[in-house]
Amino acid sequence: MRPWLPGLLLTTLLSACGGGGSVTPTPTPTPTPKPICTQAVAGALPVAAQGNAAPGWTVGAADWSRPHVPGRVLVSSVPGGPRLSTLGMTGEEVVPGVTVIRTAPGEEVAVAGRLRTQGVVTQPDYLYLPLVTPNDPGVPGNAGVAVGGARFVQSYLTRVNAPQAWTFLQGCGKTPVAARTAVLDSLVATTHPDLQGRLAAGRSYLGGGSSDDGGHGTATTGVIAATTNNGQGLAGLTWSGVVTPMEVIGAAGASTSTVAQAVRDAVSSGAKVINMSLGIAVTGTADPDPALSAALTSAAGSAVLVASAGNTPGDGLYYPASHPDVIAVGAAGSTDALACYSARPLAGQTAAAAHFMLAPGGSGNCPGATNASQMLVLNQTGGYTLQAGTSFAAPLVSGAAALMRAANPALSAPQAKALLLSSARVTGDGLRFLDVNAAVRAATR
């Protein structure tokens, strides 16, 4: 990310009063919402079953949240345990010591629970699914994408546990999909082969001014929305779903008015996540841009706001990443440590540190950097290139937020923001590092 802004261009509570004699109706109890994808463990096995474990293993609890065959319960024989026949039940032995009982679909958990109370060892008939590996060459494990005579892969996907998140969502019966996401950036090459089917109609806020054609907007958008499983190029973090490109960065940068308008319009159009890979270094603790600040505070009630932290380590967080309603994203290089170029909260920015996290952003020119340690992204001419910067770390967090809010549409923007931060793993230097799998699981409990 370049420091695009050289200057600051950049429940209502309803109450009613009634007359005498009115009767207040008894409110209908609000049902407790059920988990989107149940992950609770059903309960530990009886102690007698512990002896059935293979050497070096400990028998754990049956987990009915994992994919399993509906209408089937597996029962294990335990020395001294009750026999099915004495409980008035029959089944079919599938392997010595393991019998399958058939139930009505959806009743297997209840039947297993009743059997457990009588000392019977039960478990689901688990389904082992093929791991979700898109056929895009850039996905780790595939052939790689050619750039400059060599082949590279999107190692950042595995570093943030994206494939595990995709597999988990499939196991819940959900296709990985993005909630509507707005990308406020420079011009996006909408004709790029790897963005087909992923973009909603965008809008330019430049008023006919000159666009930035350096490919920044195409690259950041592709991290979120490159068409996945299309047999070419890269896999976007969100696999599927709608992303809206909003052009706010021109040749001279972005302005307060264009960014504020785009934020407002993104929310009006239903965006649940807004990515801003732009910013300016600021000093002091006063609000550096009240007009934009007001737009961000208003938008944060319905959209998760994400911004890149900045590429000057000594300046602290750039703005709007430093805004309290925005998730600020710094870049990690080839390891989980902060990249040498990445901004982070300064010692006095304790409030900003509460909403700061890391994601892979490429090694840039850090010591020991190689081409393989950069970010593989789309370029504006229809091909692929290698880049580095916090600009490319932020879209990974935005993509995670979009997966979360699509998997659980009832999740509010503040809830999603809090879960993204709390589900992150902690690095050796005490910083949060994006874990997409943990974030999606947290969102669907």
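Read-outs: derived from the displayed coordinates by stated rules, not from any lab. These numbers come from a predicted model, not from an experiment. Every residue, glycine among them, receives a Cβ derived from its backbone with ideal geometry; neighbour counts consider all protein chains shown.
Net charge dipole, the chain: roughly 820 debye, given to the nearest 20, about the Cα centre with Cβ charges of +1 for Lys and Arg and -1 for Asp and Glu. I'd like the FRET efficiency for residue 85 and residue 370, computed as 1/(1 + (r/R0)^6) with the beta carbon distance as r and R0 of 60 Å, rounded to 0.05. It comes to 0.35. Taking label positions 7 Å along the Cα-Cβ direction at both residue 229 and residue 412, the computed distance is 3.4 nm, reported to one decimal. A Förster distance of 25 Å, applied to the separation of the beta-carbon atoms of residue 204 and residue 240, puts the FRET efficiency at 0.50. Within region 182-340, DSSP assigns beta bridges of which about 20% are antiparallel (rounded to the nearest 5).
Here the peptides 271-281, 236-246 are ranked by packing, the mean other Cβ count within 10 Å, and the order with the highest first is 271-281, 236-246. I need the calculated FRET efficiency for the pair residue 150 and residue 350, taking r as the beta carbon distance and R₀ as 30 Å, to the nearest 0.05. That gives a FRET efficiency of 0.10. Here the sum of -39500 (n - 2.57) over DSSP H runs of 4 or more residues, divided by the residues of the chain, equals -6500 deg cm²/dmol at 222 nm, to the nearest 500.
Convex hull volume of the Cα atoms of region 67-216, normalised per residue: 197 Å³. Peptides 112-118, 205-211 ordered by packing proxy, namely the average of other Cβ atoms within 10 Å per residue, highest first: 112-118, 205-211. Per residue, the convex hull spanned by the Cα atoms of the chain amounts to 213 cubic angstrom. Summary of packing: across the peptides 314-322, 86-94, 330-338, the per-residue average of other C-beta atoms within 10 Å ranks them, highest first, as 314-322, 330-338, 86-94.
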